[in-house]
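I have placed the structure first, in the form of structure tokens, so that the comments after it can refer back to it.
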Amino acid sequence: MGITIAVGIIALLVGAVGGFFAARYYMKKYFEDNPPINSDMIKQMMAQMGQKPSQKKLNQLMSSMKTQQKKSNKK
């Protein structure tokens, strides 16, 4: 009886830890594939600030954001 409860508690802990790391991996991959900010959002923000964004400037901002994201992922 006591060993059954101990095995159940251990299985629950292993499942919780495994689930946490699986969810963490899934969310990291999801945000790499689908970044929360895209070029349309940047264009809209720049227009709200009174700037007329060129395609070159949008591409520069997107590439700098991607490099910054890669740097933060390596830490």
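The values are calculated or read from the model by the stated rules, or taken from the named source; none is laboratory data. Computed from a predicted model, the values in this text were never measured in an experiment. Cβ placement follows ideal geometry from the backbone for every residue including glycine, while neighbour counts extend to all protein chains displayed.
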Requested in this report: Of the conditions (1) without any contact (Cβ under 8 Å) to a residue 12 or more places away in the chain; (2) part of a helix (DSSP H, G or I); (3) in contact with a helix residue (DSSP H, G or I) (Cβ under 7 Å, 6 or more places away or on another chain), residue 53 clears all except one; give me its number.
Outcome: (2)
Report summary line: With criteria (1) under 27 Å from residue 65 (Cβ atoms); (2) modelled with pLDDT under 95, residue 1 comes up short on (1)
Query raised in the report: surrounded by 10 or more Cβ atoms within 10 Å (Cβ to Cβ), part of a helix (DSSP H, G or I), in contact with a helix residue (DSSP H, G or I) (Cβ under 6 Å, 6 or more places away or on another chain) and modelled with pLDDT under 90: does that describe residue 62?
Result: yes
